[in-house]
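Visitor: Below is a structure I'd like to ask you about.
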Amino acid sequence: MEYSTYQSITGIIQNISTENSCCTWMVSVRNGSDTVNFIVTGDTKIIDNTRLRRGMRITAFYDANLPAPAIFPPQFQAELIVPLRNNQQVTLKYFDANLVAEDNSLKLNLSPLTNVVTENGQRYRCAPGNAEMLVYYTSTTFSIPPQTTPQKIIVMCPTE
């Protein structure tokens, strides 16, 4: 799957309501003083199959190329939702063999404590890199590109 067109919003879930179907929900996320609504369906990937709840801090990814209604607050189809801890950040980028993001926004420095897994939670048995990766981290350096030692990496393996 191609993730280069994905955009993200990080915030706190304010409300979860059922839409026209019992398998579709509207999740309202507050980011600072702004609210964004996300449609969550059975096709939306939720990392670790975590049950969403009010007050939870998440990052929701949506495909910026998909049409969105011109309404306020903005509303997007959630493609991927990542539950986060306090101070934790996440990015979804293509990282090259040197673990530098394609857009040069982040460089990864792995440690023996970095947990590298596939989407289904299995240990990733190859060297990470040259792949789309979901990277969890807490802080970065002020260098260019910023560098971090990630806590966890989920390698988004292509479907075969």
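The values are calculated or read from the model by the stated rules, or taken from the named source; none is laboratory data. Please read these numbers as outputs of a predicted model, since none were measured by experiment. Cβ atoms come from the backbone with ideal geometry, glycine included; neighbour counts cover every protein chain shown. Remember, those area values only see protein heavy atoms, side chains included, never the ligands or the DNA or RNA. Shrake-Rupley method; radii C 1.70, N 1.55, O 1.52, S 1.80 Å.
This table checks each residue for (1) touching a residue at least 40 places away in the same chain (Cβ under 8 Å); (2) out of contact with any Leu (no Cβ under 8 Å at 6 or more places or on another chain); (3) part of a loop (DSSP other than H, G, I, E, B).
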residue	(1), (2), (3)
Cys126	no, yes, yes
Met133	yes, no, no
Thr140	no, no, yes
Ile153	yes, no, no
Pro158	yes, yes, yes
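Visitor: Any chance segment 99-108 includes a residue that's modelled with pLDDT of 95 or more, part of a strand (DSSP E or B) and more than 19 Å from Ala131 (Cα to Cα)?
Guide: No; the residues of segment 99-108 include none that is modelled with pLDDT of 95 or more, part of a strand (DSSP E or B) and more than 19 Å from Ala131 (Cα to Cα).
Visitor: Could you tell me how many of the residues in segment 61-91 are within 17 Å of Ser33 (Cα to Cα) and open to solvent by less than 50 Å² (accessible area, probe 1.4 Å)?
Guide: The qualifying residues number 3.
Visitor: Gly121 - would you say it is free of Cβ contacts under 8 Å to residues at least 40 places away in the same chain and either over 23 Å from Ser4 (Cβ atoms) or surrounded by 14 or more Cβ atoms within 10 Å (Cβ to Cβ) (or both)?
Guide: Spelling it out, it is not the case that Gly121 is free of Cβ contacts under 8 Å to residues at least 40 places away in the same chain and either over 23 Å from Ser4 (Cβ atoms) or surrounded by 14 or more Cβ atoms within 10 Å (Cβ to Cβ) (or both).
Visitor: Of all residues in segment 110-124 being of a type outside the set (A, V, I, L, M) and in a strand (DSSP E or B), which is nearest to the chain's Cα centre (by Cα)?
Guide: Thr118
Visitor: So, Val100, is that one in contact with a Lys or Arg (Cβ under 7 Å, 6 or more places away or on another chain) and surrounded by 14 or more Cβ atoms within 10 Å (Cβ to Cβ) or not?
Guide: yes
Visitor: Could you tell me which numbered condition Asn109 fails, if it satisfies all but one of (1) closer than 21 Å to Tyr6 by Cα; (2) open to solvent by 50 Å² or more (accessible area, probe 1.4 Å); (3) of a type outside the set (Asp, Glu)?
Guide: (1)
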